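Since the structure comes first, as structure tokens, the remarks are kept for the end.
Computed from the coordinates by the stated procedures, all read-outs in this text should not be read as laboratory data. Just so we're clear, the structure is a prediction, and the values are computed from it rather than from any experiment. Cβ placement follows ideal geometry from the backbone for every residue including glycine, while neighbour counts extend to all protein chains displayed.
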Amino acid sequence: MTVWDRPEPSARPVPLDRERIAAAAIALADEGGLEAVSLRKVAARLDVGPMRLYGYISTKEELFDLMVDEVNAEILPEERPGDWREALRVLAHRTRRTALRHEWLADLLGGRPALGPNALAVTETTLSAFDDLADLDTVMRAVETVSAYFTGAVRREIANLRAERATGLSKLDWQRAHGPHVTRMLATGRFPALARVVHDGTEVDAETSFATGLDWVLDAVAAKLARPPV
């Protein structure tokens, strides 16, 4: 049974519901990451005793489920996408933007399926764009492939942002600090392919890199969908 299958208890004597609990937990996570979230801290933010929360949630995992579903409302498209490619592109970009607003989301992406009403609405909107394709197995592999790409890309981007904050070094600062070591290693001649990338490669920002990689993955999916079944 999920947290959404259980009725909420009476809000008396203090007005309380799962939406308020999720909002308080999200505020804590936005400020300090998932490690800053506990039932005790959420209760304190809502000015209630910790035991009051157990009428609404049973475990910390259920609290995370509520948080993920709440931010899935930000991922849900405002309009129905026109086709499957647009649906997957919108899903990827909206997920990335939501994760940049709520960095803790990156830690929960790619785990067990989200089953809350907002998450199910996101999935329904995405899958409905494939209505003209009868091969459901191929549709699911397409969605999984694109999801695997943007989940990994988002996690890497968030990890880089956290590293910058932890060290106080921007990406450019880090490159400058480690430049002498890299130069010495490349001068050995043992890494010619890497040397070519370092000397001749073009630096792009995270958003451009994300969009380019996404287009490549979508092109590959399109080629697979266009191929007649064997």
Next on the checklist: I want to check the label-to-label distance for Leu186 and Leu225. Put each point 7 Å from Cα in the C-beta direction and report it in nm to one decimal.
Outcome noted: 4.0
Checklist entry - Span-like helices, the chain: DSSP H, alpha-carbon axial extent 15 Å or more, mean Kyte-Doolittle -1.0 or greater, which ones? => result 18-32, 60-75, 84-101, 117-128, 136-167, 171-187, 206-226
Checklist outcome for this item: For the stretch 118-230, inverting the pair-averaged 1/r of distinct alpha-carbon atoms gives a Kirkwood value in Å of 17.7
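Treating only the Cβ atoms of Lys and Arg (+1) and Asp and Glu (-1) as charged, compute the dipole magnitude of the stretch 3-226 about its Cα centre; round to the nearest 20 debye.
On the way: 28 positive and 35 negative charges, 210 e Å.
For this selection, approximately 1000 debye.
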Next on the checklist: If the reach is capped at under 27 angstrom between alpha carbons, list the lysines near Lys60, excluding any in the same chain fewer than eight residues apart.
Outcome noted: Lys41
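Grab the alpha carbons of the chain, take their convex hull, and tell me the volume per residue in Å³.
On the way: hull volume 39.2 nm³, N = 230.
With only Cα atoms used, the chain gives 171 Å³ per residue.
Just check the stretch 48-167 against the gyration tensor rule for me: Cα atoms, a ≥ b ≥ c as the square roots of the eigenvalues, rounded for a/c under 1.5, and otherwise prolate or oblate depending on whether a/b exceeds b/c. Working shown, then result.
Numbers: a/c = 2.25, a/b = 1.36, b/c = 1.66.
Since a/c reaches 1.5 but b/c is at least a/b, the shape of the stretch 48-167 is classed as oblate.
Which order, highest average first, do 91-104, 170-183 follow once you tally other Cβ atoms within 10 Å for each residue and take the mean per peptide? Could the numbers behind the result be given before it?
Details: 91-104: 19.6, 170-183: 11.4.
With the highest mean Cβ count within 10 Å placed first, the list reads 91-104, 170-183.
Suppose the chain between Glu79 and Asp135 were pulled fully straight at 0.36 nm per residue; how much longer would it get relative to their current alpha carbon spacing?
Values: separation 56, 0.36 × 56 = 20.16 nm, distance 2.50 nm.
Full-extension gain reported as 17.7 nm.
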Next on the checklist: Is the C-alpha gyration tensor of the stretch 98-161 telling us rounded, prolate or oblate? Criteria: a/c under 1.5 is rounded; beyond that, a/b larger than b/c is prolate, otherwise oblate.
Outcome noted: prolate
